[in-house]
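As structure tokens, the structure follows; a few thoughts come after it.
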Amino acid sequence: MIVHSCKCCSEININRIAGDDCTDGIFALLDKQETLPPHTKALISKAGVSLISDQELPQLRTAIFGKSNMEGVF
């Protein structure tokens, strides 16, 4: 899922990742989560959403690319 915050009201919104979403864009967003300010992480947590951990990244890559397509990816 992709989590974003409204710039006007700071409401946290969640969207599912779709099959036609840009995988490069998804992984670019994952890289950006490391630089989120603490208050943003707190808002996300308060909304009941857990950010993906480094331990969960291989599972995400497999879910997106499949096991047979993982060789040479990242």
- Note on the structure: Hits in segment 25-56: amide N under 11 Å from the 7 Å Cα→Cβ extension of Asn13, namely none
- Message: Taking the alpha-carbon distance from Lys7 and a cut-off under 24 Å, which lysines remain once sequence neighbours fewer than 8 residues away in the same chain are dropped?
- Response: Lys32, Lys41, Lys46
- Find the all-direction average of the projected area of the Cα convex hull for segment 2-69, expressing the result in square nanometres with one decimal place. 5.2
- GluC sites (Glu not before Pro) in the chain lying in a DSSP loop, each with at most 16 other Cβ atoms within 10 Å of its Cβ, come to Glu11, Glu71
- Task: Let me have the 222 nm mean residue ellipticity of the chain computed from DSSP H runs of 4+ only, each contributing -39500 (n - 2.57), with the sum over all residues rounded to the nearest 500.
- Result: -11000 deg cm²/dmol
- Which whole-number percent is the relative contact order of the chain (Cα, under 8 Å, 6+ apart)? 20
- Extreme residue, positive dipole direction of segment 2-69, given options Gln55, Thr23, Ile12 (C-beta unit charges): Ile12
- Query: How do Lys67, Lys41 line up, fewest other C-beta atoms within 10 Å first?
  - Reply: Lys67, Lys41
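Quick note: the coordinates plus some simple rules give every number you see, no bench work behind them. Since the model is a prediction, treat every value here as computed from it, not as a measurement. With ideal geometry, Cβ positions are generated from the backbone for all residues, glycine too; neighbour counts draw on all protein chains shown.
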